[in-house]
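These notes are about the structure you will find just below.
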Amino acid sequence: MLQDASPITVPEGASAMTIHVEWEPGDPGTPPHRHSGPAFGYVVEGAVRFELEGEPERVIEAGGTFWEPGGDAVHYQDGNALADARTRFVVTMLCAPGRPMLELVDEKELAQRAHLRAPRPTA
């Protein structure tokens, strides 16, 4: 078993999409965003810098998995944690009917939710 996630809420009538993502060295990935349903990923190569609202930033290396509940939670980071190699991962996302699979979060909302973000690592 690679991953066991719970609790999971799947929106009624949800659809699913599986995509392959490839980030070049140092690519910051997708800007802060959210998904309308849960998402489950597997890192094929490299390392993903992963940060979900309320959780500390972490690095998931090749062979590791990640998941997020979807809904209101902000996904801050999913970029390449490596400066000298590419990173590839596969993610399956469930989408609520009539909602976009991915919605970017604007600066105003990020500022309003800043208290929900885990403390940032120090260099």
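The table below lists the values:
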| quantity | calculated |
| --- | --- |
| Number of the exception - Arg113 against (1) open to solvent by 70 Å² or more (accessible area, probe 1.4 Å); (2) at pLDDT 95 or above | (1) |
| Entirely in region 33-79, the strands (runs of 3 or more DSSP E) that have 1 or more residues that are on the phi < 0 side of the Ramachandran plot and aromatic (Phe, Trp, Tyr) | 39-45, 47-52, 65-68 |
| Test set (1) without any contact (Cβ under 8 Å) to a residue 12 or more places away in the chain; (2) on the phi > 0 side of the Ramachandran plot - Gly13 fails condition number | (1) |
| Residues of region 95-105 satisfying the condition of being surrounded by 10 or more Cβ atoms within 10 Å (Cβ to Cβ) and assigned to a loop (DSSP other than H, G, I, E, B) | Ala96, Pro97, Arg99, Pro100, Met101, Leu102, Val105 |
| Hits in region 81-94 - residues which are over 12 Å from the mean Cα position of the chain (by Cα) and open to solvent by 10 Å² or more (accessible area, probe 1.4 Å) | Ala81, Leu82, Ala83, Asp84, Ala85, Arg86, Arg88, Leu94 |
| Which numbered condition Arg120 misses (of (1) more than 23 Å from Pro7 (Cα to Cα); (2) open to solvent by less than 40 Å² (accessible area, probe 1.4 Å)) | (2) |
| Unique match (being acidic (Asp, Glu) and free of Cβ contacts under 8 Å to residues at least 12 places away in the same chain) among Asp78, Asp84, Asp106, Asp72 | Asp106 |
| Any chance Val91 is at pLDDT 95 or above, out of contact with any His (no Cβ under 7 Å at 6 or more places or on another chain), assigned to a strand (DSSP E or B) and within 30 Å of His115 (Cβ to Cβ) | yes |
| Selected residue (criterion: nearest to Leu82 (Cα to Cα)) from residues of region 19-66 that are open to solvent by 50 Å² or more (accessible area, probe 1.4 Å) and of a type in the set (Lys, Arg) | Arg49 |
| Residue check for Pro11: surrounded by fewer than 13 Cβ atoms within 10 Å (Cβ to Cβ), outside any strand (DSSP E or B) and not aromatic (Phe, Trp, Tyr) | no |
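The values are calculated or read from the model by the stated rules, or taken from the named source; none is laboratory data. All values derive from a computational prediction rather than experimental measurement. All Cβ positions, even for glycine, are placed from backbone atoms using ideal geometry, and neighbour counts span all protein chains on display. Heavy atoms of the whole protein, side chains included, go into the accessibility calculation; ligands, DNA and RNA do not. Shrake-Rupley method; radii C 1.70, N 1.55, O 1.52, S 1.80 Å.
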